[in-house]
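Have a look at the structure below, then the notes.
Derivation of every value follows stated rules applied to the coordinates shown; laboratory data play no part. Since this is a predicted model, take the numbers as computed values, not measurements. Reconstructed Cβ throughout: ideal geometry from the backbone, glycine too, with neighbour counts over all protein chains shown.
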Amino acid sequence: GWMKFLHLADLHLGKSIHGVSLLENGDQPVWVQRFLEMAQDICPDAVVIAGDVYDRSAPSGDAVALLDRMVTGLAELGIPVLIVPGNHDSGQRMSFAGSLLAKQNIHIAGILTKKLTCVTLTDQDGPVTFWLMPYIFPALAAQKLEDEEIRDYNTAVRRLLAEQDIDFSVRNVLVAHQNVTANGRESIHGGSESMVGGVGQVDYTAFDGFDYVALGHIHAAYPVGRETVCYAGSPLCYHFDETRQSVKGPILVELGAKGTEPAIETKVIRPLHPMRELKGTYAELQVAELQNEARGEYIRVILTDRRPEPEIYEFFRSLFESRDSLLMELISEYRQFGTMASRPIAGVEEKAVEELFMDFYRERRGGVEPDESEQSLLCFAGEQVRHMDGNQNRETERQITELLKFAREQGNEV
């Protein structure tokens, strides 16, 4: 009698890692197949996808076809699908044929509007309303809510939610794609606690009142502030740092009557090519890997005592190849070899173009915030870059390059 739904995020269909397309190499298609089989077994009342469906705002035909297969498969099983765009998606593109799809119970909140798209499903305990919030940044919220005072993400999200008519006496679920933190701390599961420059932070208390908050954006799965504000994480490892996370898979949420604690559980989906990171001396790794039987993996090797010389590369490459595995990265932490570039913390998400422009601006101007006209210029540039399609936008690209050059020159004078 419980309302059950599967919460996913950050599919990044069409993604490549180290030059290997996870679409062409079968990783994402196999994952979709396994997910559809799981959905058939579980028979949830809905599937919720919290943003970054595609890896790029102009996805390839194959990426679109794969989402099509996934959504069509769920529709055939009679399972409603609720999707919000993330910072990698183009809301415009994703809202294509939206009203037609809604008739099939596929609800996509494309472009941010003052009133959020909401979908109400009912079980024996009454209604559950799902509120779909596309990825937002302050300038966008300021424009949609016609309020110039909105300067930060936290305010943007709070103001937008305040605009909605939400009846908190019944059950409500929010689907969002933002950088959500608890008291300014970004907790990445796996022991490392990190502070990421504070860009785009929304405190989890902005979502008080919701019975469950389905988050996307960060690629690790963990709750923020309270058990019911959750990142689902990405379905597959999209970076070797993510191999430190214990499990990957959709979150199964079961909502009981209002006021009861929901049951929250990660359902693991086996990847086609598990990712593994090995670290040690060349001799240790040689011995260990010659004895290792594992097949069909994606591998990163970190040497602690040698430079990554061609014959070492060749040894690992051919050994792994004979086991249908792929050596994706060979790097060295050998001290005399100089220090290796430090890698970003697992789970730190990729930013929207506008944010990168804003960061760049602040960096150049010694932390000065862009004023309104500059902000709108940067947002315009971000929008243009995001919607670039092939050659027709060479001119825009040139204008943006000019714009950035100008910004750089301004920056140097400061």
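Here are a few things to note about the model shown:
- DSSP bridge orientation in the chain - percent antiparallel, rounded to nearest 5: 35 percent
- Cross-link reach is defined here as a Cα-Cα straight distance under 21 Å, omitting same-chain residues fewer than 8 places apart; for Lys267 the lysines meeting it are Lys4, Lys248.
- Per residue, the Cα convex hull of the stretch 29-140 amounts to 110 Å³.
- Cα-based reach from Lys115 at 16 Å (exclusive), listing lysines while leaving out same-chain residues under 8 positions away: Lys144
- Stokes-Einstein translational diffusion, the stretch 249-303 - Kirkwood Rh over all Cα pairs, 1.002 mPa s, 20 °C, in µm²/s: 145 µm²/s
- Taking Ala294, Ala102, Ala63 as the candidate residues, the one with maximal mean-square fluctuation in a Gaussian network model of the chain, Cα springs under 10 Å, is Ala294.
- Size descriptor for the stretch 92-150, Kirkwood hydrodynamic radius: 13.2 Å (Cα pairs only, one decimal).
- In the stretch 3-93, the ratio of gyration radius to Kirkwood radius, Rg to Rh, stands at 0.96 when only Cα atoms are counted.
- Across all directions, the average projected area of the convex hull around the alpha carbons of the chain is 22.6 nm².
- Separation in nanometres of the label points that stand 7 Å from Cα toward Cβ, at Asn292 and Ala102: 5.1 nm
- Sorting 230-239, 281-290 by average packing, meaning the other beta carbons within 10 Å per residue, from highest down gives 230-239, 281-290.
- Amide hydrogen neighbours beyond the local backbone of Ile83, cut-off 5 Å, H modeled: Ile49, His107, Ile108, Ala109
- For Asp203, the amide hydrogen comes within under 5 Å of the amide hydrogens of Thr181, counting only partners 5 or more places away or on other chains and with H modelled in the peptide plane.
- Remark on Glu297: its backbone amide H falls under 5 Å from those of Ser325, Leu326, a criterion applied only to residues 5 or more positions apart or on other chains, H modelled at 1.01 Å from N.
- Long-range Cα-Cα pairs in the stretch 69-222 (distance over 29 Å), rounded percent: 20 percent
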